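**Student:** Handing you this structure, nothing more for now.
The values are calculated or read from the model by the stated rules, or taken from the named source; none is laboratory data. No experiment lies behind these values; they were computed from the predicted model shown. For neighbour counting, all protein chains shown are included, and Cβ atoms are generated from backbone atoms with ideal geometry for every residue, glycine included.
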Amino acid sequence: MDQADSIAGEQKRIEDDFALLEDTRDKYEFIIELGKELKPMPDEQKIAANLVRGCQSQVWMTAELDPASGRLALRADSDAIISKGLVALVLRLYDKRLPAEILANPPDVFEAIGLGRLITPGRSNGLYAMVNRVRQFAEGFGQAAKA
Amino acid sequence: MVDRPEAAFDVAAIRAQFPALRQQINGRPLVYLDSGASTQKPQAVIDAHARFYEHDYANIHRGVYELSQRATAAHDEARRKLTRFINAASWREVIFTRNATESINLVAQSFLRPRLQPGDEILVTEMEHHANIVPWQLIGAATGARLVAAPVTLEGILDLDAFAERINARTRLIAFPWISNVLGTINPVDRLIELAKDRGIPVLVDAAQAVQHLPVDVQGLGADFIAFSGHKMYGPSGVGVLWGKLEHLEAMPPYQGGGDMIEHVTFEATTWNEVPFKFEAGTPDIAGIVALGHAVDWIESVGIQAIARHEASLLATATRDLSQIEGLEIIGRAPDKASVLTFKLGDIHPQDVATMLDLEGIAIRTGHHCAMPLHAKFGLSGSARASLGVYNDESDIAALSLALRRVARTFAG
């Protein structure tokens, strides 16, 4: 697979984006910008069934399998801007990817950009839960594709 | 209650006794504004805890040897200190638990549950911490009794008339917080207890947010039970207290079975130890209990009245400063408040507020603060809460105020 169109390639691009940001506050301000830019989910999809469990803020996520390409189409939103920015990064990594590719590529980029401590299970931002939810979708649709 | 009436209060000297406060977070001096969740510990308490393990540690009770007797004496001494601290009539009325939550569960299971019939009621308030809701719901589900909540006004004050109206012939217990952990409201405990006593209904006061902020005299109070935690009163985590009237405690069955709570055991039948040991099954957190005794000494050395005055003045400053921030709304505007300042900042999610404050070394709490029904009442899914301790000063409030203005700018547009 072409490096430019792979999760690894996207991880590299995110790393490059963050390379210019020196202190943690700049990084957060960038994440806030990403949060503001993320296209909101329609209200009718912001329902309990789409909530990601394990986030202190409300984070909603949906996934559909595009039958033609076999790729997952992900959408997400949050009522907190920082969580929304973080989920925007998660979407940059995993949206429109094959389930097998998602499962083969853990989100190492957060460690690389110095935000590794955000992705532990006890953190209230829910990044860990968001990534887990994407992986559950990938597992579910991966199984369905095989069956 | 020992209090030096005109104790000179020097916040810098007090702050210097808390080693955890002498650190930088994200390159800034720590501003700790989460004492409502748990307080930091003074050096005297930390040292007492360590010293006990270094010199006096052994299991308590029934030890013939010197070390066990020393440990037992230290443990007994802690109970005497707690007895004095809340002015209990007897040390037998002071039961050590893990925390206020366990104290309330003990009363629910051991005192109230056997008294409940289907259709009976337990009266609480809308400003309850979950610890003063769920234990009653559990026994309600088991017995067919019902939990009733007295309303709180939008200012954050208990509606006394509505409270009184909800007391009826089926009310079996009344429970309320002395101070609300979200609103900071100091409830009129004397009046509430009087309303209950007029009808002969037992009362439990959740004093988890009270004992560290104001003088407590259980004999004057007239409640039947009070519950509080050590970790919110400058003591260690893992130790709490249930105070109950001796007549109740003696009549109640044990809460948990095990060592220490028995008098005589055979496989056919067991008899119980006397109060308070009947309720203290198994080896307790001995070092934690001893250190809690030292936390009491420490509070008394500063003076609870002096602490109350300092915190009240700081809360007034904080309320005034934060009210001037555009878009900031304070939740809980009772005239009688202590230590707690809960707010929302425009439409900014409380979690975003707290995350940005953390970058500046400021620790506040966000979420529902274990009071989801209260947040639902105010139409909120969560809020941000700054809460004060004895070591906070004007510079903490200034840092908070400045940082909140910066957060408002960051999220604008």
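**Student:** Inspect the range A:91-99 for any residue being within 14 Å of chain B (Cβ to nearest Cβ), touching a residue at least 12 places away in the same chain (Cβ under 8 Å) and surrounded by 13 or more Cβ atoms within 10 Å (Cβ to Cβ) and give the result as yes or no.
**Tutor:** no
**Student:** I would also like to ask the following. I'm trying to understand the selection: among the residues of the range B:69-81, which are crowded, with 20+ Cβ neighbours inside 10 Å and farther than 26 Å from residue B:131 by Cβ?
**Tutor:** B:71, B:74
**Student:** Checking residue B:323 against (1) within 12 Å of another protein chain (Cβ to nearest Cβ); (2) surrounded by fewer than 20 Cβ atoms within 10 Å (Cβ to Cβ); (3) without any contact (Cβ under 8 Å) to a residue 40 or more places away in the chain: exactly one of these is not met. Which one?
**Tutor:** Going through (1) within 12 Å of another protein chain (Cβ to nearest Cβ); (2) surrounded by fewer than 20 Cβ atoms within 10 Å (Cβ to Cβ); (3) without any contact (Cβ under 8 Å) to a residue 40 or more places away in the chain one by one, residue B:323 breaks only (1).
**Student:** Just to verify a result, which residue in the range B:363-401, among those that are in a helix (DSSP H, G or I) and within 14 Å of chain A (Cβ to nearest Cβ), is surrounded by the fewest Cβ atoms within 10 Å (Cβ to Cβ)?
**Tutor:** For the range B:363-401, the residue satisfying everything is B:372.
**Student:** While we're here: For residues in the range B:252-282 being loosely packed, with under 12 Cβ neighbours inside 10 Å and without any contact (Cβ under 8 Å) to a residue 12 or more places away in the chain, which is nearest to residue B:72 (Cα to Cα)?
**Tutor:** Within the range B:252-282, the match that is nearest to residue B:72 (Cα to Cα) is B:263.
**Student:** So, of the residues in the range A:62-80 that are buried (at least 24 other Cβ atoms within 10 Å of the Cβ) and more than 17 Å from residue A:7 (Cβ to Cβ), which turns out to be farthest from the other protein chains (Cβ to nearest Cβ)?
**Tutor:** The extreme case among them is A:78.
**Student:** With the checklist (1) over 19 Å from residue A:55 (Cα atoms); (2) free of Cβ contacts under 8 Å to residues at least 60 places away in the same chain; (3) not basic (Lys, Arg) in hand, flag the one item residue B:387 doesn't pass.
**Tutor:** The failed condition is (2).
**Student:** Looking at A:39, A:46, A:27, can you tell me which residue is in contact (Cβ under 8 Å) with a residue 60 or more places away in the chain and either within 14 Å of chain B (Cβ to nearest Cβ) or charged (D, E, K, R) (or both)?
**Tutor:** Within the list A:39, A:46, A:27, the selection yields A:27.
**Student:** Also, I was wondering about something else. Considering only the range B:404-413, I want to know if a residue exists there that is away from chain A (no Cβ under 12 Å), in a helix (DSSP H, G or I) and either surrounded by 22 or more Cβ atoms within 10 Å (Cβ to Cβ) or of a type in the set (Val, Ile, Thr) (or both).
**Tutor:** Yes, some residue in the range B:404-413 is away from chain A (no Cβ under 12 Å), in a helix (DSSP H, G or I) and either surrounded by 22 or more Cβ atoms within 10 Å (Cβ to Cβ) or of a type in the set (Val, Ile, Thr) (or both).
For every residue, the table says whether it meets (1) closer than 16 Å to residue B:102 by Cβ; (2) at pLDDT 95 or above.
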| position | (1), (2) |
| --- | --- |
| B:169 | no, yes |
| B:186 | no, yes |
| B:228 | yes, yes |
| B:244 | yes, yes |
| B:261 | yes, no |
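**Student:** I'm trying to understand the selection: among the residues of the range B:96-155, which are crowded, with 22+ Cβ neighbours inside 10 Å and among the hydroxyl-bearing types (Ser, Thr, Tyr)?
**Tutor:** Answer for the range B:96-155, where residues must be crowded, with 22+ Cβ neighbours inside 10 Å and among the hydroxyl-bearing types (Ser, Thr, Tyr): B:97, B:103, B:125.
**Student:** Anything in the range B:197-230 that is buried (at least 21 other Cβ atoms within 10 Å of the Cβ) and part of a helix (DSSP H, G or I)? List them, or say none.
**Tutor:** B:218
**Student:** Return the residue satisfying two criteria in turn: it lies in the range B:340-362 and is hydrophobic (A, V, I, L, M, F, W, C) and part of a helix (DSSP H, G or I), and of such residues it is surrounded by the most Cβ atoms within 10 Å (Cβ to Cβ).
**Tutor:** The residue in question is B:353.
**Student:** Find all pairs meeting these conditions: Cβ atoms under 6 angstrom apart; at least six residues apart or on different chains; first residue within the range A:63-89 and within 18 Å of residue A:128 (Cβ to Cβ); second residue surrounded by fewer than 21 Cβ atoms within 10 Å (Cβ to Cβ) and among the charged types (D, E, K, R).
**Tutor:** A:74/A:95
**Student:** Which condition does residue B:327 not pass, out of (1) within 20 Å of the chain's Cα centre (by Cα); (2) at positive phi, if it passes all the others?
**Tutor:** (1)
**Student:** Among the residues in the range B:82-93, are any surrounded by fewer than 22 Cβ atoms within 10 Å (Cβ to Cβ) and free of Cβ contacts under 8 Å to residues at least 12 places away in the same chain?
**Tutor:** There is at least one residue in the range B:82-93 that is surrounded by fewer than 22 Cβ atoms within 10 Å (Cβ to Cβ) and free of Cβ contacts under 8 Å to residues at least 12 places away in the same chain.
**Student:** Here's a follow-up. What number of residues within the range B:146-189 satisfy the criterion of being over 23 Å from residue B:341 (Cβ atoms) and in contact with a Gly (Cβ under 8 Å, 6 or more places away or on another chain)?
**Tutor:** Qualifying residue count, the range B:146-189: 3.
**Student:** Quick one: would you say residue B:298 is of a type in the set (Phe, Trp, Tyr), under 25 Å from residue B:216 (Cα atoms) and either modelled with pLDDT of 95 or more or surrounded by fewer than 18 Cβ atoms within 10 Å (Cβ to Cβ) (or both)?
**Tutor:** So residue B:298 passes the test.
**Student:** Restricting to the range B:366-413, name every residue that is of a type in the set (D, E, K, R), out of contact with any helix residue (DSSP H, G or I) (no Cβ under 7 Å at 6 or more places or on another chain) and within 28 Å of residue B:303 (Cα to Cα).
**Tutor:** Hits for the range B:366-413 are B:385, B:396.
**Student:** Out of B:335, B:350, report the one residue that is over 20 Å from the mean Cα position of the chain (by Cα), more than 14 Å from chain A (Cβ to nearest Cβ) and more than 17 Å from residue B:211 (Cβ to Cβ).
**Tutor:** B:335
**Student:** Go through (1) surrounded by fewer than 21 Cβ atoms within 10 Å (Cβ to Cβ); (2) within 20 Å of residue B:358 (Cβ to Cβ); (3) within 14 Å of chain B (Cβ to nearest Cβ) for residue A:128 and report which single condition fails.
**Tutor:** (3)
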